[in-house]
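Input: a single structure, listed below in structure tokens.
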Amino acid sequence: MRQTVTQHDMKMNLSYHYKSSAKPKTVLYIRASSTEQPVDVQCAFAKDAGFAIDQIVESSEFGSPTSALDANDAARHLLGVLRDGDVLVVRWLDRLGRNYDEIAQHLRLLLQRGVTVKTIIGKVTFEARSQGQAELTVQEALLAFMSAMAEAQAYTLKEAQASGIARAKARNPAAYKGRKPSYSYHNVEQIQLMAANGVGINEIARRLGLSKFLVSRINKNIAAAFDALERWGMNTQPPRIDDRSA
């Protein structure tokens, strides 16, 4: 039976249920966001490419260009699922990072842990246990080439997106507002207050019923959070009880 690790309500928190087993499994790692293809389409691509998937790990984010693979929640969840002898299937190497150094670092870490990595595009395989120095040399060269290509493609995509956004803003500055905030003015105030009082991000997220990733992002840039609310006309402060007339 295939096991699915999914992202609820399009929030960035991951949940999974793992049942330990000595039998190696094939895990499909997919990314869910407004710019990616739907999850079911990504799964279909893997199936059409001939992969028999035992488990799916879905995430909005894999890491940051400056962090180690196990330094963020999404990556820790994935590493918690994978075991020595497993196979990780990704659409392309850009799923493993956002630049050459990060992709190479993450891929080498997976291989060192005994996880073979395969790509849907091109059906390239990076064996966890390569045979001989010659094969290792070829694999390193292939890794360098593919990682550089993945980084270049990601950079080109970001440039195209930025250019499109700039053109849209130039045509109609009021039309492009970005993604609608999933939080309220009061949420931002609460996050700011609780963080100032030493309450941890996880506890704030629990109390407010928000994703801890969202809470962390808001806390890191309160001004940007208020700006987003203003663009969507959601910046009205709710009346307080003591402000109402008797």
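Readers should treat all values here as calculations from the given coordinates under stated rules, not as data from a laboratory. Treat the numbers as computed from the prediction; the structure is a model and nothing was measured. All Cβ positions, glycine included, derive from the backbone under ideal geometry; neighbour counts span all protein chains shown.
Each of His186, His106, His77 was scored by other Cβ atoms within 10 Å of its Cβ. Arranged with the fewest first, they read His186, His77, His106.
Which pairs in the list Lys158/Lys220; Lys23/Lys47; Lys47/Lys169; Lys169/Lys220 are over 30 Å apart, alpha-carbon to alpha-carbon? Write down the numbers at each step before the final one.
Details: Lys158/Lys220 23 Å; Lys23/Lys47 20 Å; Lys47/Lys169 40 Å; Lys169/Lys220 26 Å.
Long pairs (Cα-Cα over 30 Å): Lys47/Lys169.
A viscosity of 1.306 mPa s and a temperature of 10 °C, combined with the Kirkwood radius over Cα pairs in Stokes-Einstein, give a translational diffusion coefficient for the range 185-239 of 141 µm²/s. Here each label is just a point 7 Å from Cα along the line to Cβ, and for Leu109 and Gln133 those points are 2.9 nm apart. A simple spin-label model places the labels of Lys158 and Arg179 1.6 nm from each other, with each point 7 Å out along Cα-to-Cβ.
Residues Ile201, Ile218, Ile103, ranked from the fewest to the most other C-beta atoms within 10 Å, line up as Ile201, Ile218, Ile103. The residues Asp94, Asp54, when put in order of fewest to most other Cβ atoms within 10 Å, stand as Asp54, Asp94. Annotation: amide H of Gly85 within the under-5 Å range of Val115, Thr116, sequence separation 5 or more or interchain, hydrogens built in the peptide plane.
Between Thr125 and Ala224, the simple spin-label model (points 7 angstrom out along Cα→Cβ) gives 4.2 nm. What the Cβ-Cβ distance of Lys23 and Lys47 gives, at R0 = 22 Å and to the nearest 0.05, is a FRET efficiency of 0.65.
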